[in-house]
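Step one of this worksheet: look at the structure below.
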Amino acid sequence: MKLGVNIDHIATLREARKTIEPSVLEAAFIAKRAGAHQITMHLREDRRHIKDEDLALVRKLIDLPINLEMAPIDEMKHIAIANKVQRVTLVPEKRQEITTEGGLDVVSQINYLKEYIKDFKEYNIEVSLFVDPEKEQVEASKFVGADAVELHTGKFAESYIKKDFMLLKAQKQKLRETGTLAKELGLRVYAGHGITYQNIVYLKDLSNIIEELNIGHSIISNAVLFGLEEAIKKMMGLMNW
Ligand code: PXP
């Protein structure tokens with residue numbers, strides 16, 4: 001499986017102070033150096049973390065494909081095309097939510113999405129739809145002309161936190177079935193949300209179905225903890241006057 005690294009939280013931290021560090025560009029550079037296959041950024045309508053300048057800079061200076069998560073609205077379409085991103089992932093977006101809570105309801109906006117997606121073809125931008133692992137959503141994704149689906153692993157991740165292994169097994173089965181269906185329909189299959197060092201092991205045997213995982217929160221959380229000792233020592237070294 002490939003790994004897409006979501007760097008939104010780097011920008012969230014920067015925005016907590018509205019200052020210049022940590023640098024989103026530097027984070028993308030480190031992800032590239034570490035071997036990530038792709039960089040994901042979610043440009044939200046309210047610009048609460050990633051800003052337009054972050055996207056433009058990372059796209060220009062980092063030699064990795066960009067997966068732009070965005071709401072299916074005209075403003076974002078123009079931005080994606082202007083930046084020539086390699087992939088867009090359409091997600092539902094609610095202003096009050098902390099993170100993307102559920103998958104995109106493709107079924108209920110089938111005509112709108114079919115029309116919306118057309119323009120990306122012209123610019124050779126891959127279109128992925130972030131959907132719950134439901135058969136109807138996968139079929140609708142094919143119908144509207146998507147190239148790929150990203151299966152929402154939120155419920156799978158939650159079941160691990162609750163230590164509900166029956167639910168985990170059921171969620172995994174859903175990922176397997178809907179992933180297989182998507183593949184049969186000719187869609188590429190990605191997955192993400194809530195993946196951690198602990199629960200990722202349960203996805204190992206889906207590696208012939210899921211091509212890529214998109215992971216953000218856990219990677220950035222571990223980076224903060226594992227990097228903390230070094231950061232403190234560096235500051236103390238500077239105070240050694
Ligand atoms: N995929 C999509 C579509 C997302 O919205 C997110 C969260 O921004 C992720 C993957 C990554 O989820 P997490 O931050 O929980 O790893």
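Tabulated results
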item	result
Computed magnitude of the charge dipole of region 128-241 (debye, nearest 20; Cβ of K, R +1, Cβ of D, E -1)	340
Rounded to the nearest 20 debye, dipole of the chain from Cβ charges on Lys, Arg, Asp, Glu	540
Karplus (6.51, -1.76, 1.60) ³J(HN,Hα), θ = phi - 60°, over region 52-65, in Hz, Gly and Pro reported as x	4, 5, 4, 4, 4, 5, 5, 4, 6, 9, 10, 8, 9, x
Prolate/oblate/rounded call for the chain, Cα gyration tensor, a/c under 1.5 rounded	oblate
Inter-label distance, nm, simple model (7 Å from Cα along the C-beta direction), Lys204/Leu57	4.0
Size of electric dipole in region 1-95: Cβ of Lys, Arg +1 and of Asp, Glu -1, about Cα centre, debye, nearest 20	140
Length-normalised contact order of the chain in % [C-alpha pairs under 8 Å, at least 6 apart]	17
Cβ-based charge dipole, region 91-241, positive-most Cα from Ser141, Gly192, Leu113	Gly192
Alpha carbon centroid spacing (whole Å) that separates region 144-184 from region 4-37	27
Potential lengthening between Glu97 and Ser23 on full extension [0.36 nm per residue; Cα-Cα distance subtracted]	24.2 nm
Cut-off under 5 Å, modelled amide H: who pairs with Val91 long-range	Met70, Ala71
Expected-Rg normalisation [2.2 N^0.38 Å, Cα atoms] applied to region 32-86	1.09
Which of Ala34, Ile73, Gln86, positive extreme of dipole for region 1-113 (C-beta unit charges)	Ala34
Carbon/sulfur fraction of accessible area - the chain, other protein chains in place, 1.4 Å, %	58
Hz values of 3J(HN,Hα) by residue in region 110-123 - Karplus curve (6.51, -1.76, 1.60), Gly and Pro given as x	4, 6, 4, 5, 4, 6, 4, 6, 3, 4, 5, 4, 4, 9
Efficiency of FRET from Cβ geometry, Gln173 and Glu136, R₀ 22 Å, rounded to 0.05	0.85
Burial ranking of peptide ranges 36-44, 50-58, 219-227 (average Cβ count within 10 Å, highest at the top)	36-44, 50-58, 219-227
Spatially proximal lysines relative to Lys18 (Cα-Cα < 29 Å; intrachain offsets below 8 disregarded)	Lys32, Lys51, Lys60, Lys77, Lys84, Lys94, Lys233, Lys234
For region 207-220, Karplus couplings with θ = phi - 60° (6.51, -1.76, 1.60), whole Hz, Gly/Pro x	5, 7, 10, 8, 7, 8, 10, 10, 10, x, 3, 5, 5, 5
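The values are calculated or read from the model by the stated rules, or taken from the named source; none is laboratory data. Since we're looking at a predicted model, the values are computed, not measured. For neighbour counting, all protein chains shown are included, and Cβ atoms are generated from backbone atoms with ideal geometry for every residue, glycine included. Accessible surface areas use protein heavy atoms only, side chains included; no ligands, DNA or RNA. Shrake-Rupley method; radii C 1.70, N 1.55, O 1.52, S 1.80 Å.
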